[in-house]
Amino acid sequence: MTQHLVVVGGGMVAQRLVEAMRDRDADGRWRITVLAEEPRRPYDRVALTSYFSGRDADDLALGDASLWDDPLVSLRRDDKVVAIDRAARTVTTERGRTEPYDHLVLATGSSAWVPPIEGADLEGVFVYRTVDDVAALRGYVEQLKATKPVVRGAVLGGGLLGLEAAGALQALGAQATVLQVGTHLMSTQIDLGGGEALRRLINGLGVGVRLNAMTTRIRPHRRGGVGRLDMADGGRVDVDVVVVAAGVRPRDELARAADLVIGERGGVVVDDSCLSSDPHISAVGEVACIQGQCVGLVAPGYAMAEVAVDRLLGGAAQFPGADTATKLKLAGVDVASFGDAFGTTEGALEVVWADPVAGVYKKLVLSDDARTLLGGVLVGDASAYASLRPMLGRELPGDPAAFLLPEGGAGAPDLELPDDASVCSCNNVSAGTIRGAVTEHGCTDVGAVKACTKAGTSCGSCLPLVKKLVGTELAKQGITVSSALCEHFALSRAQLYDAIRVAGVTSFTEVVARFGTDLAGRGCDICKPAVASILATTAPAHVLEGERAALQDTNDHVMANLQKDGSYSVVPRIPGGEVTPEGLITIGEVAQEFGLYTKITGGQRIDLFGARIDQLPLIWQRLVDAGFESGHAYGKSLRTVKSCVGSTWCRFGVQDSVALAVLLELRYRGLRSPHKIKLGVSGCARECAEARGKDVGVIATDKGWNLYVGGNGGFTPRHARLLAEDLDTETLIRTIDRFLLYYVRTADRLQRTAPWVDEVEGGLEGVRAVVLDDSLGIAADLDAQMARHVEEYEDEWRATLEDPEKLRRFASFVNAPDTADPSLAYVPERGQARPATADERAAAERGEPVLVAGTTLEVRA
Amino acid sequence: MTVLDTPPAVTATWTAVCRLDDLAPERGAAALVDGEQLALFRLVDDSVLAVQQQDPFCGAFVLSRGIVGTRHVADEVVPTVASPMHKQVFDLRTGACLDPVGKAPVLGLAADLRTWPVRVVDGIVEVGGPAVSDGPAGGGA
Ligand SMILES: Cc1cc2nc3c(=O)[nH]c(=O)nc-3n(C[C@H](O)[C@H](O)[C@H](O)COP(=O)(O)OP(=O)(O)OC[C@H]3O[C@@H](n4cnc5c(N)ncnc54)[C@H](O)[C@@H]3O)c2cc1C
Ligand code: SF4
Ligand code: FES
């Protein structure tokens, strides 16, 4: 018979528990009810800080939403459990519902701990635990900003959470100072040396740090809200907003009231099977006191959820011990700590490498024979974290010091991870499971492996390692997913871009000579267009200039789009979709004269189909004479900037979306890129231009423009995500300039912006750091590169028409330039021409009366 | 696979088609010879090769517009063209299809291309006939 499992708390661990149960309980032995205090579905608390930038609580969604549609799962939100009746085996909720259970799981997490000091309840004092906390903090700071030029924020607590909160305050436009009671930052995870390096890095971000700073009282401002902090040493700190990040306490109040055994420092005491002192009640996640401690990290919580589910299904799983490895998620500050970070193991040895100038401190803790890795601290450069963490408790190959040297130095030896090494601790995925995804489940890329194993889907810190493992495994199978472009270049597109840019080479022959795998090779359909595209932005020149002509795909070579029968289509640029009646008439006349099938595109312009290669120059002469220019519909380049009519006509519009769209389209026209780029501009939040379905979407606000990036339609539709808000037009353009060129420089061949944003270093946060905060120091370079693009842009069709040498490429036959391709055949349909089908051609050949003709024959006669 | 068993230079009649200068290096051009559509390719060493213009995988007459390149085939660097339609790769010397990219030819066409011998005499490109293999007939539909 179906039993009833009741879960108290709808947090991250509860979500994992339900997911694991529905995954494994194929026979439906358990029906699950989740009673949650928060008014929303479980969300990714670990990524809470990104709520400041993502804005949308939906962006924090965890796992597959269809989990909650499962008939065996029911989630009651906004209904807190207030009592457990162990004898009756029921729980009661605040709204008065009584829920009987066969088994109860407590997954109530923790609450932020607020030290009992005077003033802690003042307006303007916040904690940092839930979406509502963060929304309230954001609202408060924005309100202050409206009236004060400078908003001073203080964070009580210099741990992981405190530093994240300080970063968030700063992102909101407030000043931030971290007040740490102890001797150094992140004192739970890293040692004094690391803390010192970290302080310098944090200062470098413009965040103040005070150590040994015990707050004794929070004083109100005379106009309300907080005003000042009094310190134990007699000092004072003026503040407008305070975030308390002084630690967390397990939410064990229900368990206490129900007389379950509680740990010395709180938490529901459970054994290694996650059972509490009542065999019908388990506890998982932060509320559980397991092996003597409550752990404030999600990975051990996930492990407990898996153990609890296994036990409920009759298994014998045991909690393996908490993996307390952590990585600070603060853009621009790389900190990681894992294993025995303080070297407390008997006889432990430490290898330290420090570069105070660069702000780098790294330490490995090794066993007494200096071979087995026991733990480590990495500050300033945690690139080795992903590969070192799984080596915990194992022998390191070679000299341990090699792992601490800067990247690009001697280089750490390649680690061959044993199958049982844990790679993704959030989701408890071993190296063997990842290899198995490739070898047994047929995954052929990182995306598939993520979906199959869940590795890398939470905090993401293991992704570099996952990528490496997948790559190695595929290579072993003879599937080359090496990032090499093709047999002619061992470099990835991004590497080749950098190489070409830095070396300043300008021709394919030079590129092959410098960077090719084989001097005799002359490229292929993969690398030639890629090199053409790279050269187009590193050394701009006409598409048909010299040797470059040989690199182009047929579309770029004849500057039109090849269609299924070998004819082409023509799309003149119509910036922002704005066209004069005269322009429309010209396009209509050209279509009529050349018998072209005419269709409006999704990008607000007009596509003319059925042009023969030899007709292209004639058609374009007419269009150029009438003031049109190439629309680059054929190129991997900017296509269109779609816009709504905006404030000039629309009753709702708050900004002139058409003017901006025209400006953007004229700015980026002709910009060659790894894949096509589409932009959109909407004149208000109603979003009639569907800008969030574009690579770059701009939506007008009362104060300026919101900028979204990484959207697309097509096979895998994606909504663009918010990059920055309320920008003035100048900042908006500069930001788009940098975004586009950063993409052009670092994306893979044929990778659109959406997957690029996912995969580029640091994801969306990383992109934001590069384009808004210049974290890579390349902004000036990108700005100059875009300035050059804008400066040197020329209409490539006009330039072609002016050069007889280039026009020779459009002959139908080299020995019969006046003979039209006899293979083209068309039949009329709905008043226009379309290519004849094979059957219609055959019928015509048999002499049956099918109307088959070249496009122009009827109209020209 | 095409087999060059008759030495074409001996038996063929030669038709002048164009000047070498009319052909852009490492690109193709279509030519009409005896009512048949050919694709001529001028390689980096100024040699010229000819295959049928019709792409057997889509039926359209477009091969001259493909990207010219090379590919390693059994220790040899082979000159190739990739169809502009769906990227099938062909050996320009033999016409052999090196990569059907998972597709089959249409209209009952053979996957391998018909080839013609070509020579350049005093800057004039000449195509030899009759054809050296009995591949599919070209010509317009
Ligand atoms: C800003 C921030 C950043 C973090 N970063 C990291 C990180 O980088 N790495 C990491 O490992 N961890 C991180 N954490 C910690 C991580 O989020 C927690 O370890 C994890 O969420 C614990 O999951 P849980 O399900 O045990 O508790 P929670 O996710 O807190 O869920 C508990 C839920 O139970 C509800 N609840 C409580 N009592 C009741 C009741 N009586 N009735 C009904 N519902 C109730 C609560 O409202 C809450 O929704 C971070 C936390 C924060 C706040
Ligand atoms: S997005 Fe706003 S401004 Fe633009 S057309 Fe729609 S309602 Fe009008
Ligand atoms: S370690 Fe966090 S997602 Fe893998």
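The values are calculated or read from the model by the stated rules, or taken from the named source; none is laboratory data. In this text the structure is predicted, and so the values were computed from the model without any measurement. Cβ placement follows ideal geometry from the backbone for every residue including glycine, while neighbour counts extend to all protein chains displayed. Accessible surface is based on the protein model in full, side chains and every heavy atom, while ligands, DNA and RNA are left aside. Shrake-Rupley method; radii C 1.70, N 1.55, O 1.52, S 1.80 Å.
Structural remarks
- Qualifying residue in the stretch A:735-756 (condition: at positive phi, over 11 Å from the mean Cα position of the chain (by Cα) and not acidic (D, E)): yes
- Spans of strands (runs of 3 or more DSSP E) in the stretch A:624-735 with at least 3 residues among the aliphatic types (A, V, I, L, M) and open to solvent by less than 60 Å² (accessible area, probe 1.4 Å): A:677-682, A:696-700, A:721-727
Residues checked against (1) in a helix (DSSP H, G or I); (2) within 16 Å of ligand 1 (Cβ to nearest atom); (3) open to solvent by less than 70 Å² (accessible area, probe 1.4 Å):
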| position | (1), (2), (3) |
| --- | --- |
| A:I434 | yes, no, yes |
| A:A437 | yes, no, yes |
| A:H441 | no, no, no |
| A:A448 | yes, no, yes |
| A:A451 | yes, no, no |
| A:L465 | yes, no, yes |
| A:L469 | yes, no, yes |
| A:G478 | no, no, yes |
| A:L491 | no, no, yes |
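- When A:I526 is tested against (1) hydrophobic (A, V, I, L, M, F, W, C); (2) away from chain B (no Cβ under 12 Å); (3) touching a residue at least 40 places away in the same chain (Cβ under 8 Å); (4) open to solvent by 30 Å² or more (accessible area, probe 1.4 Å), only condition (2) is not met.
- Scan the stretch A:775-824 for residues that are within 14 Å of A:V558 (Cα to Cα) and among the hydroxyl-bearing types (S, T, Y) and the total you get is 2.
- Taken across the stretch A:582-595, residues that are touching a helix residue (DSSP H, G or I) at 6+ places or on another chain (Cβ under 6 Å), within 14 Å of chain B (Cβ to nearest Cβ) and either touching a residue at least 24 places away in the same chain (Cβ under 8 Å) or open to solvent by 10 Å² or more (accessible area, probe 1.4 Å) (or both) do not occur at all.
- A:G376 fulfils the conditions (1) in a strand (DSSP E or B); (2) under 26 Å from the mean Cα position of the chain (by Cα) except for a single criterion, (2).
- Of all residues in the stretch A:545-562 being in a loop (DSSP other than H, G, I, E, B) and facing chain B (nearest Cβ under 9 Å), the one that is least open to solvent (accessible area, probe 1.4 Å): A:Q552
- A:S74 more than 22 Å from A:V268 (Cβ to Cβ) and part of a helix (DSSP H, G or I): no
- Residue list for the stretch B:42-68, restricted to those being facing chain A (nearest Cβ under 10 Å), assigned to a strand (DSSP E or B), in contact (Cβ under 8 Å) with a residue 24 or more places away in the chain and not aromatic (F, W, Y): B:Q54, B:V68
- Every residue from the stretch A:298-325 that is touching a helix residue (DSSP H, G or I) at 6+ places or on another chain (Cβ under 8 Å), buried (at least 19 other Cβ atoms within 10 Å of the Cβ) and of a type outside the set (F, W, Y): A:V298, A:G301, A:M304, A:A305, A:E306, A:A308, A:V309, A:L312, A:D323, A:T324, A:A325
- For the stretch A:182-214, residues that are basic (K, R) and either touching a Ser or Thr at 6+ places or on another chain (Cβ under 7 Å) or open to solvent by 70 Å² or more (accessible area, probe 1.4 Å) (or both) total 2.
- Hits in the stretch B:74-92 - residues which are more than 7 Å from chain A (Cβ to nearest Cβ) and open to solvent by 50 Å² or more (accessible area, probe 1.4 Å): B:A74, B:D75, B:E76, B:H86
- When restricted to residues that are under 24 Å from A:R394 (Cβ atoms) and open to solvent by 40 Å² or more (accessible area, probe 1.4 Å), the stretch A:326-350 contains 9.
- Residue that is surrounded by fewer than 19 Cβ atoms within 10 Å (Cβ to Cβ) and either away from ligand 3 (no atom under 16 Å from the Cβ) or modelled with pLDDT of 95 or more (or both), where the choices are A:A26, A:A47: A:A26
- Looking only at the stretch A:66-82, residues that are more than 18 Å from A:G11 (Cβ to Cβ) and open to solvent by less than 40 Å² (accessible area, probe 1.4 Å) come to 1 in all.
- Residue check, A:A532 within 21 Å of A:T746 (Cα to Cα), within 11 Å of chain B (Cβ to nearest Cβ) and not charged (D, E, K, R): yes
- Any hit, the stretch A:49-71, residues being polar (S, T, N, Q) and outside any helix (DSSP H, G or I): no
Yes/no per residue for (1) open to solvent by 30 Å² or more (accessible area, probe 1.4 Å); (2) in a helix (DSSP H, G or I); (3) not polar (S, T, N, Q):
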| position | (1), (2), (3) |
| --- | --- |
| A:S775 | yes, no, no |
| A:W797 | no, yes, yes |
| A:E805 | yes, yes, yes |
| A:A820 | yes, no, yes |
| A:V827 | no, no, yes |
| A:E840 | yes, yes, yes |
| A:E848 | yes, no, yes |
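- Between A:A165, A:A135, A:A146, the distinction of being closer than 21 Å to A:V248 by Cβ, open to solvent by 30 Å² or more (accessible area, probe 1.4 Å) and part of a helix (DSSP H, G or I) belongs to A:A135 only.
- Selection status of A:S507, touching a residue at least 40 places away in the same chain (Cβ under 8 Å), polar (S, T, N, Q) and within 14 Å of chain B (Cβ to nearest Cβ): yes
- Boolean, A:V7 is of a type in the set (V, I, T), in the same structural domain as A:L60 (by TED's automatic domain parsing), at negative phi and assigned to a strand (DSSP E or B): yes
- If the condition is being more than 21 Å from A:R548 (Cα to Cα) and of a type in the set (S, T, N, Q), then the stretch B:58-110 contributes B:Q88, B:T94.
- Residue in the stretch B:99-121 that is more than 10 Å from every other protein chain (Cβ to nearest Cβ), without any contact (Cβ under 8 Å) to a residue 24 or more places away in the chain, at negative phi and open to solvent by less than 20 Å² (accessible area, probe 1.4 Å) present: no
- Residues (more than 7 Å from chain B (Cβ to nearest Cβ) and either assigned to a loop (DSSP other than H, G, I, E, B) or surrounded by fewer than 14 Cβ atoms within 10 Å (Cβ to Cβ) (or both)) located in the stretch A:807-818: A:A811, A:P817, A:D818
- Members of the stretch B:31-41 found to be in a strand (DSSP E or B), open to solvent by 10 Å² or more (accessible area, probe 1.4 Å) and at the interface with another protein chain (Cβ under 10 Å from one of its Cβ atoms), listed by number: B:L32, B:V33
- When the stretch A:566-614 is filtered for residues that are within 24 Å of A:T648 (Cα to Cα) and in contact with a Pro (Cβ under 9 Å, 6 or more places away or on another chain), the ones remaining, listed by number, are A:G583, A:R605, A:I606.
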